[in-house]
Each structure stands twice: as C-alpha cells, then as structure tokens.
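Heads up, the thing below is written out as structure tokens.
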Amino acid sequence: MSTNSYTTRRDFLKGSAAATGALVIGFTLPMTSRFAQAAAAATPGAGFAPNAFLRIAASGQVTVICGLSEMGQGVHMGIASLVAEELDADWKSVQLEQAPVDKAYNNPLFGMQATGGSTAIRGHYEPMRKAGAAAREMLVAAAATQWGVGADRCRTQDGRVMGPDGKSAGYGELVAAASKLPVPQNPTLKDPGDFRILGKGLTRIDTPSKVNGSAGFGIDVKVPGLLTAVMVHAPVPGAKIVSVDDAAAKAIPGVKQVVQIPQGVAVLADGYWTALKGRDALVVKWDDGPLGSLSSEGISKLLIDATTKPGAVARNEGDVSVAVAKTIEAVYEAPYLAHACMEPMNCTAWVRAGEAEVWAPTQGPGPHQGIVAQLTGLPPEKVQVHTTYLGGGFGRRFAPDFIIASTLISKAAGAPVKLVYTREDDMRGWYYRPASVTRFTAGLDKDGNPVSLTARVASPALSIAAGFATELPKGIDEAAVEGIGDMLYAFPNLRVEYARVEPGIPPWFWRSVGHSQNVYFIEAFIDEVAAAAGKDPVEFRRSLLSKQPRLRGVLDLAAQKVGWGSPLPQGVHRGVAITTCFGSFVAQVAEVAMGANGKPRVQRIVAAVDCGRTVNPDVIHRQVEGAIAYGLSAAMYEKITFKNGRVEQSNFNDYPMLRIDEMPKVEVHIVPSTEAPGGIGEPGLPAATPAVINAIFAATGKRVRTLPI
C-alpha cells in the first residue's frame with residue numbers, strides 16, 4: 001500500500017510562500033516533494049510557481065490543483081468551486097490541474113490519495129475553502145500595504161482587490177508582494193449568504209476539453225516506443241498455467257514479445273488489433289484448481305444456508321424473542337455484479353533503471369504508487385503516477401489488478417507498455433459486487449404496530465478482500481451489513497447478524513457498496529411488513545422515523561412532489577423507498593406500469609435529496625439521475641453467473657443494461673440545508689431498486705425477492 005501519511009486539518013495552511021511572481025498556498029510539503037523542489041528552484045519574478053492547491057500567475061490566471069480523480073462525477077468542478085469561492089476569483093480565469101501523487105493530496109477521510117466513498121466534497125469542503133480564503137487575505141494585505149490603508153477598508157470581487165477612493169488591483173498585480181507574506185493559520189471564511197459560486201449551477205470546468213476531444217483518458221495515452229499488450233487471463237480464480245504455446249502468436253507480423261506473468265500471458269505488439277490477434281493465437285493450458293467446479297447454484301445455496309443459523313451480532317437492541325401477534329418472514333438475494341465501466345481497464349507503465357512511470361485512469365493513485373514501488377523495488381518517490389480522466393469508475397478503478405499487470409509486463413519487456421483489457425476481459429475480471437442473501441423476520445402486535453425485526457446477512461467480507469483489514473472485529477464486515485445494521489428505523493426490538501461466506505470470487509467495491517443490495521433488501525421487506533400491518537407504506541415509514549427529522553423530511557418531500565395518495569392513470573402504481581448513506585438522505589418514489597408481457601415499465605421517479613450544504617445543484621441533479629439509471633440497470637438486467645468456475649457473461653449482449661428508451665423521467669428535489677455536506681455520487685442509487693420493486697407489488701401483489709427482476 002501507499003507510504004503516504006495522513007495530513008490533518010491542523011496541518012493545513014502551513015504552506016511556505018516562495019518569493020516568486022506567483023502566490024503559493026497550501027500544505028507544507030516534505031523536502032522530498034517534487035513541488036518543494038520546484039518551488040525552491042523557481043526564478044524570482046517568473047510569474048509562476050507550483051504549490052499544493054492553488055497558484056496565481058502574474059497574468060491573473062488561477063490554477064487549482066486537484067488530487068482527486070475525475071470520473072464524470074464532477075469532482076474537478078467541485079474542488080475548483082470551493083477554492084474559487086473563498087478566493088473571490090473570476091470564474092472565467094480558473095483552470096484545473098491534476099495533481100501528482102503526494103501526501104499533501106491525501107483524502108482526509110481516507111488517509112491516502114484516493115477517490116471513492118462519496119468523500120470528495122465531504123472531506124475537502126473546509127480545507128479547500130481555507131486554501132482560497134488564506135490566499136484572499138494575503139492578496140488583500142498586499143494591496144492594503146501598497147495603498148497605505150487598513151485591510152478592513154478593502155474588499156475582493158471577481159479576481160480584484162478594491163480599496164477606498166476607487167483604488168483597484170487585479171490579483172496578478174499583487175502576487176509578487178503577497179507571496180512574501182506569512183500564510184494565515186485561521187483565515188476567515190465567508191458567510192454562506194455571500195456565496196457567489198457555491199450553490200450556483202455554473203458550467204462544468206471539464207466540459208470544453210471533453211467536447212473538443214482534448215481530455216486525456218487512460219486509453220488515449222501515448223509515449224515514445226509504446227507497445228500495446230493484451231492478455232490471456234486466468235479463466236478461474238487461482239488457476240495456474242500448465243503450458244504456453246506462443247509459436248502462432250509470434251508468427252503474426254507486428255507482434256514483438258510474449259510475456260508471462262503470474263496473472264496470465266501477454267502479447268505485446270505495435271498496436272491493439274495486432275496484440276489482440278496475437279493473444280487469440282496463443283495456446284494456453286490451465287490447471288483450474290479448487291474453484292474449477294464453482295457454480296452460481298452452489299454459491300446461492302451457501303449463502304442461503306448460512307442465514308438459517310445464528311451469525312455474529314452486528315446490532316442488538318431489546319429482545320427479538322419477545323412474543324408477537326403476527327410474524328412476517330422473507331429471504332432476499334442479490335447476485336454478483338460487474339461494474340461495466342464504459343472505458344475498459346487499461347494502464348500504461350514504463351519501468352526503467354531507477355524509476356517508473358504509470359499513466360492510468362485510477363481511483364487510487366496513492367496506494368497504486370505504493371504497489372508499483374513494491375513491484376519494482378523502487379522507493380515511492382521514484383514512481384510517478386499520472387492520473388488521467390476515468391471513463392467511469394464506480395469503485396472498479398480502485399482495484400490494483402490492471403496496475404500490477406502492466407507494471408510487471410513493462411518490467412519484463414524493458415519497454416513502455418499499455419495494457420488494455422477487452423470488454424470480455426473486463427466483464428470476466430472477477431472484481432464484482434459480492435453476492436448477498438438476507439433473511440428477515442419481523443413481528444407485529446395485535447394492532448399492527450412493529451414489535452421486532454431480525455436480519456441475518458450472508459456475504460463475503462469485502463474489507464478483507466480489498467486489503468483494508470486482515471480480520472473482522474467481532475466477526476462483522478461493515479460493508480456487508482451497512483444499510484441494514486445502521487438503519488434508522490426505530491424498532492423496539494432489533495437484531496442484525498452477519499455470516500461470512502467466501503465462495504472464492506474476489507468481491508470489490510461497487511457503487512454505494514453494501515447499501516446497493518441491503519437497501520433493496522430492507523426497503524422491500526419494510527413494505528412487506530407495512531402490508532401485513534395494513535398500513536400505508538409512507539405512513540408506516542413515518543411512524544418509525546419520529547426521531548429522524550432529515551430522513552423523514554426527504555420522505556415527506558418526495559411524497560408531496562409525487563402526489564402520494566393522489567389518483568394515477570389506469571395501470572400505473574407507486575412504490576417508495578428511503579435511504580441514508582455517505583452523510584446524505586434520499587427518498588424516492590417510482591411510478592411503474594406493467595406491460596402485457598409482464599415486464600415492468602418505470603415511467604417516473606421522484607427523488608428528494610438532503611445532502612447538506614451544496615456546491616453545485618446541477619451536478620447533484622446529474623449524479624442522482626445517473627445513480628438511478630445505474631441502479632435500475634442492475635435491478636432490471638444485470639447478473640454475473642458462474643459455471644465450472646467460469647463467468648458466463650462476456651459483453652453487453654449477455655450482460656444487458658438499461659436502454660435509453662427505458663430511462664424514466666426523473667425529478668430531483670434538493671432540500672435546502674445548513675448541515676455539513678454529505679456525499680452525492682452514491683446515495684442516489686440504493687433506493688431506486690426497492691422503489692420499483694414496491695411499485696411492482698402494488699401493481700401485481702407479487703414480491704420480487706431475487707434480482708434481477
């Protein structure tokens with residue numbers, strides 16, 4: 001893993017100001033940092049100097065340096081907005097630069113330089129604002145000194161400092177003087193009522209480059225002498241190579257090398273199609289090992305059987321053995337899922353004497369730097385990781401497999417190598433959302449009031465598979481039970497148990513992680529309990545949320561906006577679901593019609609979102625809309641299955657996704673809030689599936705307890 005260390009907020013703004021023609025703001029960087037070295041070598045008066053988060057050129061150009069990965073979620077826009085707001089920058093003068101790996105860019109909520117878990121704004125809201133505010137105070141102080149007036153008589157707006165008697169100076173005119181001033185340790189932040197950028201729907205900063213094609217994704221990387229590699233991957237987890245016949249592959253014009261590594265066999269060529277043709281000409285024999293007989297039926301049985309026995313206790317309140325008048329039981333199951341990123345996995349690596357470079361669409365440049373260092377025997381500072389744009393991430397690009405393989409291939413080949421997974425390689429790459437089963441038992445009193453709820457969850461331990469833990473505290477994998485173990489419904493008696501089941505398929509983070517399946521489980525079952533109690537689904541939930549004003553608030557807002565209880569067109573039915581995750585609260589109501597073939601048609605979804613203070617409402621709308629599309633696709637179609645240890649799906653022909661003509665109308669309503677920012681990349685996903693499932697029940701009287709629908 002990465003050698004990067006955690007940088008606390010207390011360490012923030014211990015930046016050193018270089019006496020150059022540019023203003024330097026940010027964390028103190030170690031003397032081994034490339035930034036520190038470059039700043040020390042900068043020529044005074046050059047008008048440009050690197051720093052951690054922000055630099056301002058003598059021209060007035062503002063550059064925000066972002067250590068987070070942009071995968072379409074809008075993080076570049078968000079980070080730039082936070083800095084620019086407090087800086088009082090002219091938005092038209094702001095540009096964004098992707099940071100290299102350095103501990104200065106460690107995610108405060110992760111302790112390493114990585115993007116995921118809907119932490120970007122949550123973790124950087126205050127630090128990035130302070131970076132901009134400190135710069136603003138230094139610019140004001142520089143102007144006030146030049147004009148011989150008090151700083152309190154100056155103000156800033158659109159990249160300028162204005163003083164008394166019509167005095168005015170652009171930021172570029174002040175950076176040389178401001179750079180010589182001490183960095184404020186506790187700059188004063190703006191009152192939110194004075195925001196000009198935050199909370200507004202400004203145009204995304206990365207849109208022009210994506211429109212004109214200049215945005216660089218991993219698949220676009222080119223370096224001199226580059227070879228392209230395509231691999232034969234192991235067909236079964238843990239399979240070992242018995243023999244390789246590469247004669248036919250090497251006979252293909254353009255094929256340069258055949259390289260064997262622990263993960264498989266790679267064909268290196270002067271282009272992708274040649275490498276693919278060479279890969280397909282390889283004859284590789286495998287020993288499948290102990291997982292050669294693995295099947296989806298066997299996995300399902302393991303999971304279901306595990307829920308029939310008591311598990312490790314994740315939560316226990318009251319006594320679930322208390323007597324009840326009515327008992328409701330159900331078993332819910334969700335399958336393995338692929339991430340299906342539009343850009344298949346790829347990485348360009350160049351391992352050479354004394355150093356290594358990696359160009360990759362990665363969510364974890366920090367830990368991936370550490371991994372490459374281990375593979376090459378180099379110190380981390382000799383490994384450069386260039387983070388490109390990501391053509392979708394969803395947690396998949398946090399995994400190290402494509403980084404490891406490309407590094408080993410380059411090391412063996414002695415040349416720069418771009419490893420490209422085919423769609424089939426990616427679909428069969430094993431890093432899946434884990435399969436999971438939950439068995440529920442609920443009890444009602446004679447008046448239909450909820451008395452008890454027991455949930456037994458069976459699933460692989462994601463935290464161990466991902467390398468974040470070597471053992472489970474008290475036998476509980478938090479990712480496996482989140483969404484159920486931390487639910488906010490107030491049952492008088494509540495018990496959640498967990499059984500670890502490891503079929504052998506490496507599980508991985510998938511958008512919204514455990515909430516993606518567990519919110520489906522609990523929200524569909526809560527609907528079952530409401531029906532058994534003879535209660536309206538919305539009112540039943542409200543009765544269990546009397547002490548949860550924010551979650552109850554989004555439920556009420558969604559119900560109001562959809563017109564819950566109002567008449568619907570013939571054949572259309574509604575379902576509701578709620579969730580709280582990643583610091584945000586979401587409620588969704590789906591309107592569904594059943595086709596003549598029995599297939600549901602989702603016509604409309606109304607979502608209410610409370611994610612605390614907002615940075616850009618347009619980005620929030622897009623994230624929720626995209627999350628709903630992603631969730632509906634999984635609910636309707638997606639499933640990874642196994643036969644004889646092998647994945648049966650290969651491409652979008654047998655792993656279908658939601659089509660554009662199936663996308664419902666989506667309405668997103670944002671709750672105004674002064675609470676701390678919550679995440680938004682993932683919270684919009686979990687409630688979509690159960691809202692649709694519950695609408696299907698309203699339409700048909702049938703429960704969908706196994707996905708896909």
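Were the residues from Ser546 through Leu302 laid out at 0.36 nm apart, the gain over their Cα-Cα distance would be 84.0 nm. Stokes-Einstein diffusion for the range 442-585, with the hydrodynamic radius set to the Kirkwood value over Cα pairs and evaluated at 37 °C in a medium of 0.692 mPa s, equals 195 µm²/s. Model label sites at Val242 and Leu488, defined 7 Å from Cα along the beta-carbon direction, differ in position by 5.7 nm.
Check each of the GluC sites (Glu not before Pro) in the range 449-492 and keep only those in coil by DSSP with at most 15 other C-beta atoms within 10 angstrom; list them in order. Don't jump to the answer; show the numbers that get you there.
Working: sites: Glu471, Glu478, Glu482; in loops: Glu471, Glu482.
Here the GluC sites (Glu not before Pro) that fit, given the DSSP loop and packing criteria, are Glu471.
A simple rule links phi to the HN-Hα coupling: the Karplus curve 6.51 cos²θ - 1.76 cosθ + 1.60 with θ = phi - 60°, which for the range 584-595 gives 10, 10, 9, 10, 9, 10, 9, 10, 10, 10, 8, x Hz, with x for Gly and Pro. Can you tell me how the range 589-650 classifies by the Cα gyration tensor, rounded, prolate or oblate, using a/c under 1.5 as the rounded cut? Since a/c reaches 1.5 but b/c is at least a/b, the shape of the range 589-650 is classed as oblate.
Taking amide hydrogens as placed 1.01 Å from N in the peptide plane, the amide H of His669 sits under 5 Å from those of Ala607, Ala608, Val609, each at least 5 positions away in sequence or on another chain.
Would you mind calculating the gained length between Met594 and Lys222 on full extension (0.36 nm times residue separation, minus the Cα-Cα distance), in nm to one decimal?
Details: separation 372, 0.36 × 372 = 133.92 nm, distance 4.99 nm.
Computed gain between Met594 and Lys222 is 128.9 nm.
For the chain, what does the alpha-carbon gyration tensor say about shape, rounded, prolate or oblate, given a ≥ b ≥ c as the root eigenvalues, a/c under 1.5 as rounded, and a/b over b/c as prolate? Could the numbers behind the result be given before it?
Working: a/c = 2.05, a/b = 1.19, b/c = 1.72.
It comes out oblate by the Cα gyration axes.
Placing R0 at 35 angstrom, the Cβ-Cβ distance between Trp286 and Ile709 gives a FRET efficiency of 0.50 after rounding to 0.05.
A 23 angstrom limit on the alpha carbon distance is what I want to check against. Which of Lys256/Lys418; Lys446/Lys535; Lys418/Lys643; Lys210/Lys561; Lys240/Lys643 exceed it?
Lys418/Lys643; Lys210/Lys561
Shape class of the range 424-473 from the alpha-carbon gyration tensor: oblate, with a/c at 1.5 or above and b/c at least as large as a/b. Converting phi to 3J(HN,Hα) with the Karplus coefficients 6.51, -1.76 and 1.60 and the offset θ = phi - 60°, the range 166-175 yields x, 5, 7, 8, x, 4, x, 6, 10, 5 Hz in sequence order, with x at every glycine or proline. Label-to-label distance, Ala330 versus Val211, with points set 7 angstrom from Cα along the beta-carbon direction: 4.7 nm.
Couplings 3J(HN,Hα) of the range 551-568, computed from phi: 5, 5, x, 6, 4, 5, 5, 4, 5, 5, 5, 7, x, 4, x, 7, x, 10 Hz, in residue order, whole Hz [Karplus 6.51 cos²θ - 1.76 cosθ + 1.60, θ = phi - 60°; x for Gly and Pro]. Packing around the peptides 289-300, 578-589, taken as the average count of other Cβ atoms within 10 Å per residue, puts them in this order, highest first: 578-589, 289-300. Sequence-distant contacts, meaning Cα pairs under 8 Å at least 6 residues apart, place the relative contact order of the chain at 14 percent. Put simply, the amide H of Ala215, placed in the peptide plane, has neighbours under 5 Å in Lys210, leaving out anything fewer than 5 places away on its chain.
All of the numbers you see were taken from the coordinates with simple rules; none came from a lab. Please read all numbers here as calculations on a predicted model, not as lab measurements. Ideal geometry is used to build each Cβ from the backbone, glycine not excepted, and the neighbour counts take in all protein chains shown.
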